[in-house]
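What follows is calculated from the coordinates using simple rules that are stated; it is not laboratory data. Here the structure is a predicted model, which is why all the values come from computation and not from measurement. All Cβ positions, even for glycine, are placed from backbone atoms using ideal geometry, and neighbour counts span all protein chains on display.
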Amino acid sequence: MQFTSLQQDNEIYNLLQAETSRQREGIELIPSENYTSGAVMEAMGSILTNKYSEGYPGKRYYGGQVNIDAIENIAIERAKKLFGAEHVNVQPYSGSPANTAVYFALLNYGDTIMGLKLDHGGHITHGLPISFSGKSYKVIPYTCKPDGWLDMDEVERLAREHKPKLIVAGFTAYPRAIDWPRFRAIADSVNAIAFADISHTAGLIAGKQLENPTPYFDVVMTTTHKTMRGPRGAIIMCKEKYAKTIDRAVFPGLQGGPHDSIIAGKAVCFAEALLPDFQDYAKQIILNAKALADALKNHGFKLVTDGTDTHLILIDLTTKNITGKEAQTALDAVGITANKNTIPHEPRSPMDPSGLRLGTPAATTRGMKEADMQKIAGWINDALANKNDASKLQTIKGEVKNFCLQFPLPGVK
Ligand code: DSN
């Protein structure tokens, strides 16, 4: 028997309803999360999930591809237009497999790569010793300075010394704009491949608020579900000379059949990002992040690099009497979702670090503005100051819920 409605699976249906309430009644401040549109969700939950389509448009291993080819080609063309890319592969399942495909395409095992150290704001796939990237390649990590700013002089010195084959410029917890030309110049000076992982800021780049590395980097990868506000997935963009190698690494190198419903969702989110109001959205994300950063500083919080140029804020809690884990738990109790995070030169452990990472993409999608960020900073301050006072936390939770109910949840009826 096949169910005709999700309600026939009570257990999952009820949890989905509960998650809808959680998302509706709380403030989402995890910088890598967002709310997709109803149109993106419609594509993701469509009959395209029934299809297998190994290969690429015009070169598939199964029949019945007339519509699938058209959808994939549209996704590719829209991404090219959005980022000014020469070649785009829209099939990667997500960011980690996409980064793995880039390495698999362009490197031999044992080659030297450089990436930002994870606890300084990099990513597991940028060379963490216990990950595939760290086990397969010789990794020379670069770091941030004690003030939290990226140490570009160190990047240059390490590149000269170790002559990497590829330099990853990618960031998951770095609040500042990136000097892409300097990365490119350093890579050129040692003949390295310049690879940007723009997963966090792609929406701000597509929305023309931050500089775009795509025209002059060799390879650029982005996920599509963060500031891009699309389905969970990724794309790889590259210069034409790498196109064949990248495509072969994605399929058949690492993946089988692409997720066609997700590719349709990517096409839809690119169409949304090509509309002029996406630029207003991207601008508002940054205005909100700056407003939230200023308000937090007024409450006495120390921020890594003392502020932000992007959607992301990293609070250094070492001057407050609370750890990142305790802060995350206290915020969960009031309906504010954020994540504990390491800070550069972390004195504690990744499971209970000294930082708290916040971001404004999701709150901005719901329509929150600068004045709302002041309120949110106030609730964050109160929740952390009263982390052991269950009754006070309950009161704040009520205020947060009343506030959130004024902002509809996109994509949900
Ligand atoms: N998990 C993502 C983030 O939160 O930044 C990175 O993959």
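Of the cross-linked pairs 51/283; 239/325; 138/239, those separated by over 31 Å at the C-alpha level are 51/283; 239/325. Taking a Cβ cut-off of under 15 Å around residue 111, the surrounding Lys, Arg, Asp and Glu residues balance to a net charge of +3, with basic ones at +1 and acidic ones at -1. Given the chain, what percent of its DSSP beta bridges are antiparallel, to the nearest 5? About 55 percent, rounded to the nearest 5. Taking all Cα pairs closer than 8 Å and separated by 6 or more residues, the relative contact order of segment 237-330 comes to 16 percent. Exposed loop positions in the chain were taken to be chymotrypsin sites (Phe, Trp or Tyr not before Pro) whose DSSP state is not H, G, I, E or B and which have at most 11 other beta-carbon atoms within 10 angstrom. Between these positions, the longest stretch is 110-413. Computed over the chain with a Gaussian network model linking Cα atoms closer than 10 Å, the most mobile of 381, 14, 321 is 14. Listed here are the pairs 297/413; 145/392; 340/375; which of them are more than 31 Å apart at the Cα? Over 31 Å Cα-Cα: 297/413; 145/392.
The alpha carbon gyration tensor of the chain gives principal lengths a ≥ b ≥ c with a/c of 1.5 or higher and a/b no greater than b/c, which makes the shape oblate.
So, counting K/R as plus one and D/E as minus one, what does the shell of residues with Cβ under 14 Å around residue 389 add up to? Result for the neighbourhood of residue 389: +1.
All other residues with a Cβ under 12 Å from the Cβ of residue 125 taken together, and with Lys, Arg as +1 and Asp, Glu as -1, what is their net charge?
0
The mean sequence separation of alpha-carbon pairs under 8 Å and at least six residues apart, normalised by the residue count of the chain, gives a relative contact order of 23 percent.
Over segment 288-378, what is the relative contact order in whole percent, taking alpha-carbon pairs under 8 Å and six or more residues apart? Answer for segment 288-378 is 34 percent.
Under 23 Å Cα-Cα from residue 135, which lysines qualify once same-chain neighbours fewer than 8 residues away are excluded? Correct list for residue 135: 117, 163, 165. Extension gain for residue 11-residue 39 works out to 7.5 nm (0.36 nm per residue, less the C-alpha to C-alpha distance). Take residue 179, project a point 7 Å from its Cα along the Cβ direction, then tell me which residues of segment 135-154 have their backbone nitrogen under 11 Å from it. Counting only backbone N, you get 150-154.
Once the C-beta distance of residue 86 and residue 369 is scaled by a Förster radius of 51 Å, the resulting FRET efficiency is 0.85 to the nearest 0.05.
When a/c is below 1.5 the answer is rounded, else prolate if a/b is larger than b/c, else oblate, so apply that to segment 158-221 with a ≥ b ≥ c taken from the square roots of the Cα gyration tensor eigenvalues.
prolate
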